[in-house]
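Take a look at the structure set out below.
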Amino acid sequence: MTLIRTLLVAASLGVALAATAQEPTIRKTLIERIPQLEKIDEVRATPMKGLYEVRVGTDLFYTDTKGNFLIQGELIDTQARRNLTEDRIKQLTAVDFNALPLQDAFVTVRGNGKRKLVVFADPNCGYCKRFERDLQQVDNITVHTFLYPILSPESAEKSRNIWCAKDRVATWNDWMLRDKTPPAASCDTAALQRNLVFGKKHKITGTPTLLFANGSRIPGAIGTQDIEKRLADIEAGAKVSAAQ
């Protein structure tokens, strides 16, 4: 095992050194020819020989050793049958669950509340309503809902009325599950603005967006069975980690 580990470390070091050696050339060429790429955050080698990843925020491009060609698309490992671009974006957009500003969300607890889920939702989002109906079937969960009004001015109005309601959870459920319009209300809505800033920073571009306790992120609605499976997998993973 020691020899294998040594070989793996050496291989990783070789890839890192290759990226370091080519980075100045790639940066210089691309910035000169494509000024929009002035803010390149990272250049790194990919598993494909001679192909380098160019990262701008969470946008990924690929280029050769000289920066003469630029590819925008997905890199697939056909042997492992993995979408390497997708894997990398998931890594880049992962959010540390423990670092979330939970004070800017309202909380729903069912059962023992042991399992955790964060949802970014727009009250005018049809998929969010469908997701909420499915979520009602999930027990023993704590749900932190961040109001994220990105669809229309009316979304902002409804979000304000829900956030400022005396009972946020009841008002949210009345609207999402029973189409009962939230009554007009007013209060300090700085939290909603912070949610928009947070979402923009972390590239949350659609609703619902789900964040699980293990850092995984799902853009879009999923059904009850899928929710249960993901929560169960997280619990199983936590037990394994605790036993090690």
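Points to keep in mind about this one:
- Note on residue 39: lysines with a C-alpha under 20 Å away, same-chain residues under 8 apart excluded, are 28, 66, 200, 201, 203.
- Per-residue Cβ neighbour rank within 10 angstrom, fewest leading, 176, 48: 48, 176
- Two-site FRET efficiency, residue 205 against residue 166, from Cβ-Cβ distance with R₀ of 51 Å, rounded to 0.05: 0.95
- Remark: the Cα gyration tensor places region 148-187 in the oblate category, a/c being 1.5 or greater and a/b not exceeding b/c.
- Fewest-first ordering of 235, 23 by other beta carbons within 10 Å of each residue's beta carbon gives 235, 23.
- Sorted by Cβ density within 10 Å, fewest first, the residues 194, 33: 33, 194
- About its Cα centre, the chain has a charge dipole of approximately 260 debye under the convention of +1 per Lys or Arg Cβ and -1 per Asp or Glu Cβ, with nothing else charged.
- Options [x] 17.1; [y] 11.3; [z] 12.0 - which one matches mean projected area of the Cα convex hull in nm² as calculated here: [x]
Just so you know, all these numbers are worked out from the coordinates, no wet-lab data involved. Bear in mind the structure is a predicted one, so any value in this text is a computation, not a measurement. As a convention, Cβ positions derive from the backbone with ideal geometry for all residues, glycine included, and neighbour counts pool all protein chains shown.
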